[in-house]
1. Report the calculated FRET efficiency for residue 60 and residue 251 (r = Cβ-Cβ distance, R0 = 56 Å), to the nearest 0.05.
2. Highest mean first, what order results for 393-401, 105-113, 230-238 on Cβ atoms within 10 Å?
3. Roughly how many nanometres apart are two label points built 7 Å out from the Cα toward the Cβ at residue 293 and residue 434?
4. Under the rule of at least 5 residues apart or a separate chain, name every residue whose amide H is placed under 5 Å from the amide H of residue 309.
5. Here are some pairs, 105/255; 229/264; 70/229; 35/62; 109/255; which of them have Cα atoms lying more than 26 Å apart in this structure?
6. What span do the alpha-carbon atoms of segment 384-457 cover on each of the three principal axes, reported in whole Å from largest to smallest?
7. Sorted by packing (mean other beta-carbon atoms within 10 Å per residue), highest first, where do 375-386, 264-275 land?
8. With Kirkwood's inverse mean 1/r over C-alpha pairs for Rh, give me the Rg to Rh ratio of segment 266-315, two decimals please.
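We did not get these values from a lab; they are worked out from the coordinates using the rules stated. As the structure is a computational prediction, the values presented were derived from the model and not from experiment. Cβ sites come from the backbone with ideal geometry, for glycine too, and all protein chains shown count toward neighbours.
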Amino acid sequence: MRRILLALAIFLAYPLAAQNLRITNAVPFGASSLKVVFSNDIDSLSLTPIKLNQNSFYIDIKAVLDIGRKVYFFPRNAQVTIAQNTPEITRIVITNGNGMEYQLKPMQKNLYLSFVDKIPSSTTQSTTQQKTEPKAEPKAQSKPPQAQPTQTSQAKQPPKQPAKQTQSKPTQNPKTQKKEVQKNDSAKKDSKKSAQKQKNTKTTPKSTPKTPPPRTIVSTTLATPSSRKGLKVVIDAGHGGKDCGAFGVTKVCEKHIVLKVALKVHNELKKRGYESYLTRDRDIFIELPERTKFANAKKADLFISIHANSVPVGKKSPRGIETYFLSAARTEDARSVAAKENQADIEIMNFYSKQNFLDRLESHRIVSSNRFAIDIQTGLIQNLQANYPPSTIVDNGVREGPFWVLVGALMPSVLVEIGYNSHPLEAQRLNEDTYQRVLSLGIADGIDSFVAKNFKE
């Protein structure tokens, strides 16, 4: 009987133990962000920071820490410590750096923690001043015409203006004259206000869709102009010429979309002080090995190949953004994506020679390319979620695969799939100039983040 009761107790306790929240990993990304990975979804988890001192806060979470005590250091003396405070409580201690603030964002099984500059506070002050100044001017101009017929206007102004009004009033009934004057004045003011509103509504839509909100370039300060100067980046627009790439549901070839994005990235990098080069700046076909040869000839520091994903017609299309670095593919999805992108030069490739090359890849180059891919993916997701509903932006993460276009590159190199040209929503966005602009800013921010951590003077 005791054995039966003991077995029953273990059986009932097992589901409760399985539901216990656990912290399984913590991954720093970008220059000032940390992703804490949980065993279950934490969207409904309450996160209440408690102040320790002027620059430190802590958050207690009812979870078991599987990775042991961890300390992560970030720029400007910012720091995050994760440790098991009690058998049931994990404590996260956040120490702000100089001139830094932190942000917390739970999303599914991940808790994102990012340190940001306190610059937005100064920008909001300047915008409020600009908004209040125009409001004060119309009030000062609109008050005198309404106040002239009253007694207050006679006390503040010379008696000449009231005298002129009183001379014209006796010709008709005073009451009707006052009503007519007030109606005419109010009608004129309403017409002027409506005209100004129409002008404002006509001008604003022209400017807003062209450029994304300023907050999408928050991370551009991570790499100083001195660290960017002289760094060479090669941007490769996938496919081209006879190679259409993925033919999307919008009837637009992948080669046209990625070329537009590559040109925007090229121009953005030049603005930020980089030496940027394009493997192609028009619709021409270039063999895959020639692209990395071009990067090596330029002695580039970084190489990025831009593509758009797709699935065969008839299948339900997934969506999302993913960044790859060169390695032997470990998943079936990575192999299929690599096979699609390698198709242009399939006749010159030999599977066994490629595998031998991948086996001899230098480990440090794989590691640096992996880190580079993390920064690019982070920059893209952060910029897109800042400009579009986060629920419509899918983060497929960083993956590895045997992409032939990356073989032979002597520098950190990645391949970016900026979305699915076979998905109705993403295909439509990929053809929009605004969306392409946000993508280019995300890639440029990812480059800034990688440069800030790996190209210090």
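1. That pair, residue 60 with residue 251, gives E of 0.55.
2. Per-residue Cβ counts within 10 Å, averaged per peptide and sorted highest first, yield 230-238, 393-401, 105-113.
3. 4.3 nm
4. 418, 419, 420, 421
5. Over 26 Å Cα-Cα: 105/255; 70/229; 109/255.
6. Largest first, segment 384-457 extends 40, 30, 21 Å along its Cα principal axes.
7. By packing density, highest mean first, the sequence is 375-386, 264-275.
8. With Rh from the inverse mean 1/r over Cα pairs, Rg/Rh is 1.08.
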